[in-house]
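Read the structure below first, then the notes.
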Amino acid sequence: MKLTLVRPTLELKEKALDYRQEHFDNNEMVINGSELLDKTDS
């Protein structure tokens, strides 16, 4: 398997927030390894 790292950009903001919301919608309030994405407001 090949892993590609991508630097965060404003263009990826909506995808990151959607990912976060998907966890919350499934009652997963902690996202391990997310650099506190689950703790920020934006």
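The values are calculated or read from the model by the stated rules, or taken from the named source; none is laboratory data. These figures come from a predicted structure and were not determined experimentally. Note that each Cβ is placed from the backbone with ideal geometry, even for glycine, and that neighbours are counted across all protein chains shown.
Within the range 18-31, residues that are over 18 Å from Ser42 (Cβ atoms) sit with their Cβ atoms under 7 Å from residues that are at pLDDT below 95, at 6+ positions apart or across chains, in these pairs: Val30/Asp38. With respect to the conditions (1) acidic (Asp, Glu); (2) surrounded by 11 or more Cβ atoms within 10 Å (Cβ to Cβ); (3) not in a loop (DSSP other than H, G, I, E, B), Glu11 lacks only one, and its number is (2).
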